[in-house]
Amino acid sequence: MKKTQYYILFHNHDSGLRLYNSLKKRNIKSTIAPTPRSVSKCCGISLLINKEDIDNIKKCISEESLDIIKIVEIETNINSKRDKYC
């Protein structure tokens with residue numbers, strides 16, 4: 001099953017944590033995640049976000065003058081039988 005995920009990429013982990021905390025204060029859900037190597041070899045952390053929150057997140061980034069590399073969309077292949085042996 002294919003699933004699309006959205007990640008925010010950063011130059012350093014400090015920028016990622018600053019945005020994470022700003023989003024948390026605004027009640028915008030995000031998850032700290034490893035940066036997918038298929039899109040970047042940047043600092044190592046990224047934020048996994050929901051598509052419907054992207055406009056509000058961009059507004060937060062602008063208002064807080066935060067530094068990001070970009071927001072990327074990745075199509076993943078979810079294997080529902082992964083790690084199931086019976």
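Within a straight-line Cα-Cα reach of under 19 Å, K51 can be paired with the following aspartates and glutamates, leaving aside sequence neighbours fewer than 8 residues apart in one chain: E73, E75. Counting every alpha-carbon pair across the stretch 2-77, the share separated by more than 21 Å comes to 18%. What the phi angles of the stretch 20-31 give under the Karplus curve with 6.51, -1.76 and 1.60, with θ = phi - 60°, is a coupling list of 4, 5, 5, 5, 4, 5, 8, 6, 9, 6, 8, 10 Hz, glycine and proline written as x.
We did not get these values from a lab; they are worked out from the coordinates using the rules stated. On a predicted model such as this, the values are computed, not experimentally measured, just so you know.
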